Amino acid sequence: MLKLNFHPSGRHFLQIPGPSPVPDRILRAMSLPTIDHRGPEFGALGLELLSKIQKIFKTDNPVIIYPASGTGAWEAALANTLSPGDKVLMFETGHFATLWHKMALRLDIQPEFLGLPGYEGWRHGVQADMIEARLKEDAGHELKAVCVVHNETSTGVTSDIAAVRKAIDAAGHPALLIVDTISGLASADYRHDEWGVDVTVSGSQKGLMLPPGISFNALSPKAIEVSKQAKLPKSFWAWDEILEANKNGYWPYTPSTNLLYGLNEALDMLLDEGMDNVLARHQRWAAGVRAAVEAWGLEIQCLDPSVYSPVLTGVVMPEGVDADAVRKIIYERFDLSLGMGLGKAKGKMFRIGHLGDCNDLTLIATLGGCEAGMKLSGVNLNGSGVTAALDYFAANPLNAGER
Ligand code: PLP
């Protein structure tokens, strides 16, 4: 039976691809007393947050913040832009793209699910040429939106969103571009305005290093215009009242005050470090982890190196090895949590998160836990991934000797 007050010595290694480890600085910021969400101090905080968050999405347009998990922000993006029966084009990249497609069906939208055949789609990114070809066929412009996942958390693939924008433009199609970067934001390069995204969906518990509980819709002027005619039922998710209240730094309902304290701290941390440095840090960690997987002689879930994720790496287990059994041993013996294989990938692979509040040594410890756990599970490894990653990190300092 689960002992609720059981606490193993030392720290837990939360290396799932979100929720990511929350820095102490953020935990402390969230422990401040809750204030009146209609008072002047809150309004000042709200205005500051709403302006700083734009820098993370790389947009000059409004960003909506919801007191909800990422799934809520998915629904908000669809409910604010579409009407019952509308057709949309979605692309199957993995479990999260599949869940979003399922949500669209439940919302009375007609989603078309494009993808590579079989399991191939779960090992590659969005194929922009397939989107372009499908949009060119749609001469009547029945497809109202193209919905894609930027960083597919179930597989470790980061799709090329600029290429999807180009494909829509090349087809001369007016569809909105709606992108889920729930696990990409603040860890992988993301540019809402430059890439011409109409709605970007994101969440708090990944690159922003916060606990779960808040999520985002970044908008475009076109999305705001379209939302005025969109007929899907919505009230809590409706952008109009939120945009109005946000003008003074408030929300139409009670926001998640303490999570917003945390967000403010996270934004300061990220912007002080500089987004280019944050992104380079994640790329470097990902390369170190991939060096380890290669040294083990195992396959990476993503088969296209041009779309390797800087956020997480999927490690494929050899035929006949149950990845969940390996994860269980690693969890029980080393107090290390790894992401499970989801949906079609269940039991075939595990996922190592390298996002948020990590450093070289937490990742080396993580790889140590993986390596020891796989050996205990009888997985044949070619060599030491830990040594390969250590060598990679030593040979590739982030900033001439700085961390
Ligand atoms: N989309 C992606 C890419 C995700 O990684 C997740 C969660 O991990 C979701 C959507 C769903 O978000 P949430 O679990 O916060 O509702």
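Among residues of region 159-181 that are of a type in the set (D, E, K, R), those with a Cβ under 9 angstrom from a residue that is assigned to a helix (DSSP H, G or I) and within 16 Å of the ligand (Cβ to nearest atom), sequence gap 6+ or separate chain, pair up as D160/V307; D180/G70; D180/A73; D180/W74; D180/A77; D180/F96; D180/A97; D180/W100.
A quick yes/no check of all residues on (1) buried (at least 20 other Cβ atoms within 10 Å of the Cβ); (2) away from the ligand (no atom under 13 Å from the Cβ); (3) under 21 Å from the mean Cα position of the chain (by Cα); (4) not in a helix (DSSP H, G or I):
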{"position": "A76", "(1), (2), (3), (4)": "yes, no, yes, no"}
{"position": "M90", "(1), (2), (3), (4)": "yes, no, yes, yes"}
{"position": "T93", "(1), (2), (3), (4)": "yes, no, yes, yes"}
{"position": "M103", "(1), (2), (3), (4)": "no, no, yes, no"}
{"position": "L116", "(1), (2), (3), (4)": "no, yes, no, yes"}
{"position": "W122", "(1), (2), (3), (4)": "yes, yes, yes, no"}
{"position": "V126", "(1), (2), (3), (4)": "yes, no, yes, yes"}
{"position": "K144", "(1), (2), (3), (4)": "yes, yes, no, yes"}
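Just one residue in the set A295, A345 is in contact (Cβ under 8 Å) with a residue 12 or more places away in the chain and in contact with a His (Cβ under 9 Å, 6 or more places away or on another chain); that residue is A345. Can you spot a residue in region 288-305 that is at pLDDT 95 or above, exposed (fewer than 15 other Cβ atoms within 10 Å of the Cβ) and closer than 30 Å to D24 by Cα? Within region 288-305, not a single residue is at pLDDT 95 or above, exposed (fewer than 15 other Cβ atoms within 10 Å of the Cβ) and closer than 30 Å to D24 by Cα.
In region 318-370, of all residues being of a type in the set (D, E, K, R) and closer than 18 Å to T153 by Cα, the one that is surrounded by the most Cβ atoms within 10 Å (Cβ to Cβ) corresponds to R351. Applying the criterion of being part of a helix (DSSP H, G or I) and surrounded by fewer than 21 Cβ atoms within 10 Å (Cβ to Cβ) to the residues of region 209-225, the residue that is farthest from the chain's Cα centre (by Cα) is E225.
The values are calculated or read from the model by the stated rules, or taken from the named source; none is laboratory data. What you see is a predicted model, and the numbers here were worked out from it, not measured in a lab. Counting neighbours? That spans all protein chains shown, and the Cβs are built from the backbone with ideal geometry, glycine included.
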